[in-house]
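Asks: The structure follows.
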Amino acid sequence: MVIEEPEKGEQSPAGLSARTATWLLFATVLVIATAGIVYELVAGAIASYVLGDSVTQFSLVIGVYLSALGVGSYLSKFIDEKLERAFVEIEFATALVGGLSAPILFLSFAYTRAFPIILYGTVGLVGTLVGLELPLLIRLLKQRIELKDLLARALSFDYLGALIGSLLFSLVLVPRLGLVRTSLLFGLLNALVGIASTYFIFSEPGGPRSSSGTGLRGARIRGAFVAAILVVCFVQADRVTTLSEEEIYADEVIFAKQSAYQRIVVTHSSSSYQLFLNGNLQFSSGDEYRYHEALVHPPFAAAASHRRVLVLGGGDGLAAREILKYPDVESITLVDIDPDMTKTSDKMPVLRSLNEGSLHDPKMHIVHEDAMVWIADPSRRDVQFDVIIIDFPDPNNYALGKLYTTRFYSLVREKLADGGALTVQATSPLFARSAFWCIARTMEAAHLATRPYHVAVPSFGEWGYVLAKKEAFEPPIDAHVSPLRFLDAKAMQALFIFSKDMSEPPVEVNRLNNQMLVQYYEREWKKWN
Amino acid sequence: MIGLTRRQILEAFLALPVASAACKRPAPRVFAGEIRGARVDVGHELRKASRAPWPTTPPKKIGTAIVGGGPSGLSAAWRFERLGYADYMVFDLEERAGGTSQFGTDGVVPYPWGAHYVPLPTANNPALVTLLTEMGALEKPKKDGDEPEGREECLIRDPEERLFYMGKWYEGLYPRAGATADDLDELARFQKKIDEFVAKKTSDARRPFSIPLATATEDPAILALDQVPLADWLKEQNLKGDRLRWFVDYGCRDDYGLSLADTSAYAGLFYYASRVNHVGEETQDFLSWPNGNGHIVEHLLSVTAQRVRPSTLVTEIIPGEKDVRLLAWDTRTNSLESYVADEVIFAAPKFTAKHVVRPLPGVTPPWEQSSLDYGAWMVANIHLSGRPETRGFPLAWDNVLYDSPSLGYVVATHQALRDHGPTVLTYYYPLVDHDARKARERLLALTHEEWCHVIVADLRRAHVGLEELIERIDINRWGHAMARPTVGAMKQRLAYTKPYGRIHFAHSDTSSMGLFEEAQHWGVRAAEEILLGRGHPSFGRLT
Ligand SMILES: Cc1cc2nc3c(=O)[nH]c(=O)nc-3n(C[C@H](O)[C@H](O)[C@H](O)COP(=O)(O)OP(=O)(O)OC[C@H]3O[C@@H](n4cnc5c(N)ncnc54)[C@H](O)[C@@H]3O)c2cc1C
């Protein structure tokens, strides 16, 4: 079979009958309506995904989108000529903006601070473009069909499209393709509709014949270009997701690994390195000495002996580095749940030079177990330590919250030799005041005498610890070890002074069966984030 | 049920929407694991063994024979030991004693096969307080007369429970998400009603509802509640909302394996009111261990094991004037032995009594004066290689699905304080049919593979990708899981509260409720009465 070559743009290039062309136009209504609702849902889903509070996010996105549709419809009245051309160009614009909306939103959240502006800007723009489409199409169709019929059919296809879009979105698209590929796919559909319509709407008898062949060709080339961009993005979509995730970190990501327990990320800025666990900053090489000197040396100054040391958490090896400054330390037992953490700290050159190879030291014994399980193990009942350093991530979930309970501290107390001292990193007494004091009170409820203290660590802010012994004691007045960069006698004594804005509020004790701390912590940090 | 399609099975066990959704996807793979629980249905074995000729060798003499080594039988033995009486023997037909509080040990942590918690007792229940103190599960009281406090590591760790509701997990058991002011008002009114019962004055000045049941009032005004289904009582109080009904129905299914319509209002209110110590207080905290009440069984066995004979079925008991003769079948050696005892504590479920105990001449046996009803339960232990995906509130100890006939699952690693890596989920499915026989038929009709379909289709709604984590699913079919407190059941049980000749009845079903406290109460009580009858040196009673 030979398909006749169309001679010029004068005649329907595809040689379609008017009837077929009309149906194709209705199909176009269906596709653009589906795409329209999908863009709206994509934006709403991303907004609630990254900002939380899905009810608010969805209702705002829907509100902005619907009003933008209205703006678009209104603007359509200013288009008087070359309706077909305008329609095709609008299709391409929709394809580009709508199709790229998901990657744009993800990346803007990661890279910029202007996410809300970009979000509502994108939603508004897509809404306006989609709002232009239908009136234009109706006007194009008006020349073929009686108005009564036309409105009935066009609107029902429009609403049908909305139904299809919303069903597809939650049942097929998001689970199968994810948000980024979904928006790209519908962008591509819009582009194809644009290209296809160059083949049938221009042929309308009685319609304006001003579209020259070259104009048409130009439109098709633009369409192909838009489609190509979308296809490339579609293929590369995975990169967009990781890019945006890793760029949530302010600096260049030089290492990222998902272990069985957490996501470990190391970033590099011009002057320092940072370690993140599950997106939470653990230290920055620029000021971690302040954090770790304050973590390790007060309990060493308060303890009667330094022979046997226990570190719970602290898989980065930085606390161990400080501990090894004491020649009288005979052994260090480090319990960290995550083998990938200690391995990374030991193998990755940046970290290894920061911790000075402490994890490798012959005095070091590393155990990979949940600290709660390890410490509760009856086979270790008789083992005791002179100094215990507890350096867990903040209590932002129940699995971590249990490591700050009376039960846990009672078990820790059993491991503490007479005259020994222990310290607990205890989140910020400024940002999470109740959480901090809850930790101190919980330790007291486990029959430990406590001395809370704090230090300013620029990359964290004001940070808190609780020093404790089994016996009543006075806070230490100096650290007897060198070299130290931060702690001298004056700094040591200043640690234990709390200003009014960090003083103790009334708090409850954190127990396994109430997990108060997680609630304090969540409530208080929410205010700052 | 033979010949049903997978869809029909899922429909029958999980309702239509789940079946439709599950059948859209390919059937899950076949899971490793076994189905157990045949032994526990004693009736069958008894019929096989009965009428066996007695051995001709002379019977062995023992002071007291305890038939059944579940919590009630072991509690009797425990009380004997603590009072320095050693002339007894416990017979249990299973390889391991423990009855419906048994546990498994072949997982990453021990896990329950049945009972999984006890509420913290009040000072009202000295037997349980004594036992738990001995186990180290209670704090040392600061002064005499203090209400007992649970040891932190034995109380259930927060988060205790969560509910899968409309596609997401929420904290707590009552479906608060989307509840209207009216719903919450109903809940408050219900709680107020319960408080009114807690405070109510009775004709004998005892608490209206109290654990153990024997300490509760016998005021006819309260006992009359046993004649009314709980569903009707709720209606009378104008408590009609779906959420509250679901919440209370869940309570009935969870504790009794009964629906709202079949539970007696007495038993239903007992569930709530007996666990509140003073008006306005929260219900008593729960105590639990990775292996559930199996932990208590372990302790009881550590005291009594040398006088417990497992794998031994008592097939016949002949009561006489001066003694009782017993025929026991050792299922390991397949040999019969006869015993003669001064007394017997019958701590096996009562529905077996008529097959085992011969009537005393001239005395109507209690089983002819009463009939108890026993529920059917399926319990599955699902061994997972990791923690399931979750939308919303994180994994808790008890994880309940709103629109499921199952009770959801309990996580064995929760009380072991392990929050990462492999775990065992114990999934509970009571068959709450009005007709217990039909429930049993349905329970036994499904194969291992079919039950696995039901379980996975149920849980997969709440956990994407669950199948990939499953290493094994073991299933236990409890044909006569526990006595059901249906309407009127409280009267039925009375026939067993007094001894039948030299036979004392223990077992939790003496209270028509499958609760550890009731099992312990009747076991300890039987032991104490027997020692009193024997003129044992005086002792302080726990019952
Ligand atoms: C799935 C399930 C969940 C439950 N959850 C809870 C819970 O969370 N909390 C709670 O308090 N209770 C719970 N229960 C109730 C539980 O039944 C009681 O806590 C307790 O185990 C009852 O103890 P028992 O000694 O009365 O009876 P059983 O546990 O039934 O013990 C009876 C024993 O007698 C043996 N036996 C029977 N016949 C003979 C014979 N002829 N010869 C020798 N031995 C015989 C049996 O093998 C069995 O070991 C649950 C029960 C089930 C089935």
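Asks: Based on the Cβ-Cβ distance from B:LYS61 to A:VAL367, what FRET efficiency comes out when R0 is 45 Å, to the nearest 0.05?
Replies: Computed FRET efficiency for B:LYS61 and A:VAL367 comes out at 0.20.
Asks: Moving on to the next point. With +1 assigned to the C-beta of every Lys and Arg and -1 to the C-beta of every Asp and Glu, and no other charges, what is the dipole magnitude of chain B about the Cα centre in debye, to the nearest 20? Intermediate results must be reported in sequence, preceding the final value.
Replies: Numbers: 63 positive and 71 negative charges, 237 e Å.
The dipole magnitude comes to about 1140 debye.
Asks: By how many degrees, between 0 and 90 and to the nearest 10, does the Cα long axis of helix A:54-75 differ from the longest principal axis of chain A?
Replies: For helix A:54-75, the angle is close to 30 degrees.
Asks: Still on this structure, I have one more. Give the residue from B:THR5, B:PRO55, B:THR390 lying farthest towards the positive end of the charge dipole for chain B; charges sit on Cβ (+1 for Lys and Arg, -1 for Asp and Glu) and the dipole is referred to the Cα centre.
Replies: The Cα lying farthest towards the positive end belongs to B:PRO55.
Asks: Right, here's the next one. Given R₀ = 30 Å, what would the calculated FRET efficiency be for B:ASP435 paired with B:ALA214, taking r from the Cβ atoms and rounding to 0.05? Mind showing how you got there, number by number?
Replies: On the way: r = 30 Å, r/R0 = 1.00.
Taking R0 as 30 Å, the efficiency between B:ASP435 and B:ALA214 is 0.50.
Asks: Sum -39500 (n - 2.57) across every DSSP H segment of at least 4 residues in chain A, then divide by the residue count to get the 222 nm mean residue ellipticity, nearest 500.
Replies: Only helices count here, giving -17500 deg cm²/dmol.
Asks: State the percent of C-alpha pairs, over all pairs in chain A, separated by a distance greater than 31 angstrom.
Replies: The share of Cα pairs beyond 31 Å in chain A comes to 58 percent.
Asks: Where does the charge balance sit around B:ALA436 when Lys and Arg score +1, Asp and Glu -1, over other residues with C-beta under 12 Å from its C-beta?
Replies: For residues surrounding B:ALA436, the net value is 0.
Asks: For chain B, how big is the tail of P(r) above 30 Å, as a whole percent of Cα pairs?
Replies: 50
Asks: Using the Karplus curve 6.51 cos²θ - 1.76 cosθ + 1.60 with θ = phi - 60°, work out ³J(HN,Hα) for each residue of region B:197-202 in order, rounded to whole Hz, and write x for Gly and Pro.
Replies: Those phi angles translate into 5, 4, 8, 4, 7, 10 Hz.
Asks: Only Cα pairs under 8 Å and at least 6 apart count here; give the relative contact order of region A:448-529 as a rounded whole percent. Mind showing how you got there, number by number?
Replies: On the way: 68 pairs, mean separation 18.2, N = 82.
Worked out over region A:448-529, it gives 22 percent.
Asks: Say the dipole of region A:18-243 comes from +1 at the beta carbon of Lys and Arg and -1 at that of Asp and Glu; which of A:PHE234, A:TYR159, A:THR20 then lies farthest toward its positive end?
Replies: Ranked along the dipole, the leading option is A:THR20.
Asks: What residues have an amide H closer than 5 Å to that of B:GLY69, excluding those fewer than 5 places away on the same chain, when H is modeled at 1.01 Å from N in the peptide plane?
Replies: Distant-sequence amide H within range of B:GLY69: B:LEU93, B:GLY98.
Asks: Starting at the first residue of region B:372-388, write each ³J(HN,Hα) from the Karplus equation 6.51 cos²θ - 1.76 cosθ + 1.60 with θ = phi - 60°, in whole Hz, x for Gly and Pro.
Replies: Residue by residue, region B:372-388 yields 9, 10, 10, x, 10, 10, 10, 10, 10, 9, 9, 8, 10, 7, x, 7, x Hz.
Asks: Filter the GluC sites (Glu not before Pro) in region A:480-529 down to the DSSP loop ones having no more than 15 other Cβ atoms within 10 Å, then list what survives. Walk me through the numbers on the way to the answer.
Replies: Details: sites: A:GLU508, A:GLU522, A:GLU524; in loops: A:GLU508.
Hits after loop and neighbour filter: A:GLU508.
Asks: Tally Lys and Arg at +1 and Asp and Glu at -1 over the other residues with C-beta under 11 Å from the C-beta of A:ASN397: what net charge comes out?
Replies: -2
Asks: Around A:ILE388, which amide H atoms from residues at least 5 apart in sequence, or from another chain, sit under 5 Å from its own amide H, with H modelled in the peptide plane?
Replies: Amide H neighbours of A:ILE388, under 5 Å, 5+ apart: A:LEU310, A:ALA421, A:LEU422, A:THR423.
Asks: Working from Cα positions, state the angle (0 to 90°, nearest 10) between the long axis of helix A:18-51 and the longest principal axis of chain A.
Replies: 10
Asks: Next question. What does the charge add up to near A:GLN493, with Lys and Arg as +1, Asp and Glu as -1, over the other residues with Cβ less than 14 Å from its Cβ? All intermediate terms of the calculation are to be shown ahead of the outcome.
Replies: Working: positive: A:ARG451, A:LYS490; negative: A:GLU474, A:ASP478, A:ASP488.
In short, -1.
Asks: So, one more: Quantify how strongly other chains surround peptide B:147-156 by giving the mean number of their Cβ atoms within 10 Å of each of its Cβ atoms.
Replies: 3
Asks: Run the quick spin-label model on B:TRP54 and B:ASN124: label points 7 Å from Cα toward the beta carbon, then report their separation in nm to one decimal.
Replies: Rounded to a tenth, the inter-label distance reads 4.5 nm.
Asks: Continuing with this model, one more query. Taking Rh as the Kirkwood radius computed over C-alpha pairs, what is the Stokes-Einstein D of region A:400-460 at 37 °C in a medium of viscosity 0.692 mPa s, expressed in µm² per second?
Replies: D, rounded to a whole number, is 265 µm²/s.
Asks: Related question: From the phi angles alone, apply the Karplus equation (6.51, -1.76, 1.60; θ = phi - 60°) to region B:399-414 and give each ³J(HN,Hα) in whole Hz, x where the residue is Gly or Pro.
Replies: Taking θ as phi minus 60°, the curve returns 10, 10, 9, 4, 9, 10, x, 7, 9, x, 9, 10, 9, 5, 6, 4 Hz for region B:399-414.
Asks: Related question: For chain B, what does -39500 (n - 2.57) per DSSP helix run (n ≥ 4), summed and divided by total residues, give at 222 nm, in deg cm²/dmol to the nearest 500?
Replies: Details: 18 runs with 168 residues, N = 543.
Here the helix-only value at 222 nm equals -9000 deg cm²/dmol.
Asks: Can you tell me the Rg and Dmax of the protein assembly as shown, counting just the alpha carbons, in angstroms?
Replies: 36.2, 120
Asks: Give the Rg (one decimal place) followed by the Dmax (whole number) of region A:287-528, computed from C-alpha coordinates and expressed in Å.
Replies: Looking at region A:287-528, its Cα Rg and Dmax stand at 16.6, 46 Å.
Asks: A further question on this structure: In Å, what Rg and Dmax follow from the Cα atoms of region A:18-243?
Replies: 17.4, 53
Asks: How tilted is helix A:433-445 with respect to the longest principal axis of chain A? Cα atoms for both, answer in degrees (0 to 90, nearest 10).
Replies: 40
Asks: Can you list the trypsin sites (Lys or Arg not before Pro) in region B:364-470 that are in a DSSP coil and have 13 or fewer other beta carbons within 10 angstrom?
Replies: Counting only loop positions with at most 13 other Cβ atoms within 10 Å, the trypsin sites (Lys or Arg not before Pro) in region B:364-470 are B:ARG391.
Asks: Further, regarding this structure: Which GluC sites (Glu not before Pro) does region B:309-378 hold that lie in a coil by DSSP with at most 14 other beta carbons within 10 Å? Before the final figure, lay out the partial values.
Replies: Numbers: sites: B:GLU316, B:GLU321, B:GLU337, B:GLU343, B:GLU368; in loops: B:GLU321.
Hits after loop and neighbour filter: B:GLU321.
Asks: Considering amide H positions built from the backbone, and no H for Pro or chain starts, which residues 5 or more places from B:TRP169, or on another chain, come under 5 Å of its amide H?
Replies: For B:TRP169, whose amide H was placed from the backbone, the distant partners under 5 Å are B:ARG391, B:GLY392, B:PHE393.
Asks: Continuing with the same structure: Which value in Å is the Kirkwood Rh of region A:351-474 over different Cα pairs?
Replies: Kirkwood radius, region A:351-474: 15.6 Å.
Asks: Going highest first, how would you order B:158-170, A:422-434 by mean Cβ packing within 10 Å?
Replies: A:422-434, B:158-170
A short reminder: the numbers here are calculations on the coordinates, not readings from a lab. Quantities reported herein were computed from a predicted structural model and do not represent experimental measurements. Positions of Cβ are generated from backbone atoms using ideal geometry, with glycine treated the same way; all protein chains shown enter the neighbour counts.
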